[in-house]
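Asks: Sharing a structure, written as structure tokens. Questions coming.
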């Protein structure tokens, strides 16, 4: 009777308490196991990722598409690439590195890009000043080069130029000179990035007695360095007034054949317009356009004497422009219409030109000069503002030399080319707007650290890849040699 009653109660009231307890226990076991699995996954997911270098503590100026600026930023580098950039509070726990650089009181920004120079000419710094362009070239520079330039001179001048640029925050430069294979070797050893154009020209020069020799030299040089991690080899027809139409077309054919950049001077002076118009019945840009020289691998230096129509031609052809404000002012060559170029969407970078016509390789001075020059020339204080000037030294410069997919901004996946700049000195106090401070108040000597392709080439103002005392001694030796050569 009792058993029958219990069975009836179970049918009536459902499972017994004992069964419910077993079910509950089983659910607890499953839940605990799930929590343990999830907890293990979470621990594994939060383990810091090993990287090579971390920079954190100060602001990070990315120059990315949205121009992110992180007040308390962090950049993580692995190999030759940036693997993370952002707010340090969000990223600090995700990465660990043996090398951590404290950037407190400093700013991290993309390495500066010098879009036009003749780097070995650092040895001619101050040899002839305060002259018109054609007089400066024909009476002083070309004769001095003929008497002094050889492979040893080029190596010495490149070491001096690279030292100055590294100390001043330049991580990439575009060159046009002779013996570019020597320039490439020194530049690579210094750890710098460069687009190096082997010059071709109508008359005999130190590394080629004929234009045909120059073309052959350029082809061998490009083939030798094609695919190099730091060196982008190029061909550099000097200018429309020093290269025949046939030589210009041959240079363009070689550029197309080897898919290498073509670097040239273009519309750089009042006198050039007269020379080209007299010879070819067309202005410089019109002349090279008719020859088919312009294209998406062209880097044109100066580009001062241009009309709005010619600016549109350059834009349509994808040409990058290297603006050299200090050199142009010093030679009274005119003022490049940069505001109009920027408005048209032309890729415009900044360059120093050679130290013989500037007389330094400081990109901070070029930024400051570019911003102020165009305000005065246009009578408009709003043009080429501080951020635009910094853009021309970084991301716009990268666009002008056709390397913006790799360098010019601090973004995940890009090459790790960046610098650390002290912003805690009396000539910078107080900081209200970081772009303003970097462009109008910061000097080349404020750069403390430089990283190129993921390698530290300068740390705490000590250059790690070049022998400074040896470079100074070598430079003084060449000063004596050059002075003696000019007496003959």
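The values are calculated or read from the model by the stated rules, or taken from the named source; none is laboratory data. Here the structure is a predicted model, which is why all the values come from computation and not from measurement. Reconstructed Cβ throughout: ideal geometry from the backbone, glycine too, with neighbour counts over all protein chains shown.
Asks: Within the range 103-145, can you find the residues that are at pLDDT below 95 and either assigned to a loop (DSSP other than H, G, I, E, B) or touching a strand residue (DSSP E or B) at 6+ places or on another chain (Cβ under 8 Å) (or both)?
Replies: Correct list: 126, 127, 128, 129, 130, 131, 132, 145.
Asks: If you go through the range 312-324 one residue at a time, do you hit one that is over 19 Å from residue 239 (Cβ atoms) and touching a helix residue (DSSP H, G or I) at 6+ places or on another chain (Cβ under 6 Å)?
Replies: Within the range 312-324, one or more residues are over 19 Å from residue 239 (Cβ atoms) and touching a helix residue (DSSP H, G or I) at 6+ places or on another chain (Cβ under 6 Å).
Asks: Would you pick out the residues in the range 383-395 that are in a helix (DSSP H, G or I) and either surrounded by 22 or more Cβ atoms within 10 Å (Cβ to Cβ) or touching a strand residue (DSSP E or B) at 6+ places or on another chain (Cβ under 8 Å) (or both)?
Replies: Selection gives 389, 390, 391, 392, 393, 395.
Asks: Just for the range 49-65: of the residues that are within 19 Å of the chain's Cα centre (by Cα) and not in a strand (DSSP E or B), which one is surrounded by the most Cβ atoms within 10 Å (Cβ to Cβ)?
Replies: So the residue we want is 62.
Asks: Among the residues in the range 244-254, are any crowded, with 23+ Cβ neighbours inside 10 Å and not in a helix (DSSP H, G or I)?
Replies: Looking for residues that are crowded, with 23+ Cβ neighbours inside 10 Å and not in a helix (DSSP H, G or I), one finds none in the range 244-254, hence no.
Asks: Tell me which residues, restricted to the range 396-412, are part of a loop (DSSP other than H, G, I, E, B), surrounded by fewer than 24 Cβ atoms within 10 Å (Cβ to Cβ) and out of contact with any helix residue (DSSP H, G or I) (no Cβ under 7 Å at 6 or more places or on another chain).
Replies: Listed by number, the residues that qualify are 402, 403, 405, 406, 411, 412.
Asks: Return the residues of the range 285-300 that are within 29 Å of the chain's Cα centre (by Cα), without any contact (Cβ under 8 Å) to a residue 60 or more places away in the chain and surrounded by 20 or more Cβ atoms within 10 Å (Cβ to Cβ); say none if nothing qualifies.
Replies: Scanning the range 285-300 gives 285, 288, 293, 294, 298, 300.
Asks: Is there any pair with a first residue in the range 132-143 that is farther than 17 Å from residue 120 by Cα and a second that is part of a helix (DSSP H, G or I) whose Cβ atoms are under 8 Å apart and which are 6 or more apart or on different chains, and what are they?
Replies: Going by the 8 Å Cβ cut-off, the qualifying pairs are 132/271; 133/271; 134/271.
Asks: Check residue 152 against each of (1) without any contact (Cβ under 8 Å) to a residue 24 or more places away in the chain; (2) over 27 Å from residue 242 (Cβ atoms) and name the one condition it does not meet.
Replies: Answer for residue 152: the failing condition is (2).
Asks: Taking the range 270-282 as the search range and keeping residues that are modelled with pLDDT of 95 or more and touching a helix residue (DSSP H, G or I) at 6+ places or on another chain (Cβ under 6 Å), which one is surrounded by the most Cβ atoms within 10 Å (Cβ to Cβ)?
Replies: Checked the range 270-282; the qualifying residue surrounded by the most Cβ atoms within 10 Å (Cβ to Cβ) is 276.
Asks: Could you list, in sequence order, the residues of the range 353-381 that are assigned to a loop (DSSP other than H, G, I, E, B), surrounded by 16 or more Cβ atoms within 10 Å (Cβ to Cβ) and touching a helix residue (DSSP H, G or I) at 6+ places or on another chain (Cβ under 6 Å)?
Replies: If the condition is that a residue be assigned to a loop (DSSP other than H, G, I, E, B), surrounded by 16 or more Cβ atoms within 10 Å (Cβ to Cβ) and touching a helix residue (DSSP H, G or I) at 6+ places or on another chain (Cβ under 6 Å), then 353, 354, 355, 356, 357, 358, 361, 362 are the ones that fit.
Asks: Working only within the range 66-96, note down all residues that are free of Cβ contacts under 8 Å to residues at least 40 places away in the same chain and either buried (at least 24 other Cβ atoms within 10 Å of the Cβ) or closer than 21 Å to residue 435 by Cβ (or both).
Replies: 66, 68, 70, 71, 72, 73, 74, 76, 86, 87, 88
Asks: If you don't mind, another one. In the list 219, 289, which residue meets the criterion of being assigned to a helix (DSSP H, G or I), at pLDDT 95 or above and closer than 23 Å to residue 339 by Cβ?
Replies: Every option except 289 fails the conditions.
Asks: Moving on. Of these, 192, 132, 121, which one is over 17 Å from the mean Cα position of the chain (by Cα) and crowded, with 19+ Cβ neighbours inside 10 Å?
Replies: Checking each option against the conditions leaves just 121.
Asks: Something else: Test residue 348 against the stated conditions and say whether it is surrounded by fewer than 22 Cβ atoms within 10 Å (Cβ to Cβ) and in contact with a helix residue (DSSP H, G or I) (Cβ under 6 Å, 6 or more places away or on another chain).
Replies: For residue 348, the condition - surrounded by fewer than 22 Cβ atoms within 10 Å (Cβ to Cβ) and in contact with a helix residue (DSSP H, G or I) (Cβ under 6 Å, 6 or more places away or on another chain) - is not met.
Asks: Looking at residue 55, is it at pLDDT 95 or above and within 23 Å of residue 401 (Cβ to Cβ)?
Replies: Judged against the criteria, residue 55 is not a match.
Asks: Return the residues of the range 196-214 that are assigned to a strand (DSSP E or B) and without any contact (Cβ under 8 Å) to a residue 60 or more places away in the chain; say none if nothing qualifies.
Replies: Once the filter is applied, which keeps residues that are assigned to a strand (DSSP E or B) and without any contact (Cβ under 8 Å) to a residue 60 or more places away in the chain, the range 196-214 yields 196, 198, 199, 200, 208.
Asks: Taking residue 282 as meeting all but one of (1) more than 28 Å from the chain's Cα centre (by Cα); (2) touching a residue at least 40 places away in the same chain (Cβ under 8 Å); (3) not in a helix (DSSP H, G or I), write down the number of the exception.
Replies: Single failed check for residue 282: (2).
Asks: So in the range 255-269, with the set limited to residues that are in contact with a helix residue (DSSP H, G or I) (Cβ under 7 Å, 6 or more places away or on another chain) and part of a strand (DSSP E or B), which one is farthest from residue 331 (Cα to Cα)?
Replies: Of everything passing the filter in the range 255-269, 262 is farthest from residue 331 (Cα to Cα).
Asks: Consider residue 211 carefully, then state whether it is surrounded by fewer than 24 Cβ atoms within 10 Å (Cβ to Cβ) and at pLDDT below 95.
Replies: no
Asks: If you don't mind, there's one more thing I want to ask. Within the range 49-83, how many residues are over 14 Å from residue 109 (Cα atoms) and in contact with a helix residue (DSSP H, G or I) (Cβ under 7 Å, 6 or more places away or on another chain)?
Replies: The total comes to 1.
Asks: Tell me whether the range 330-344 contains one or more residues that are surrounded by fewer than 19 Cβ atoms within 10 Å (Cβ to Cβ) and under 21 Å from residue 165 (Cβ atoms).
Replies: Yes, the range 330-344 contains a residue that is surrounded by fewer than 19 Cβ atoms within 10 Å (Cβ to Cβ) and under 21 Å from residue 165 (Cβ atoms).
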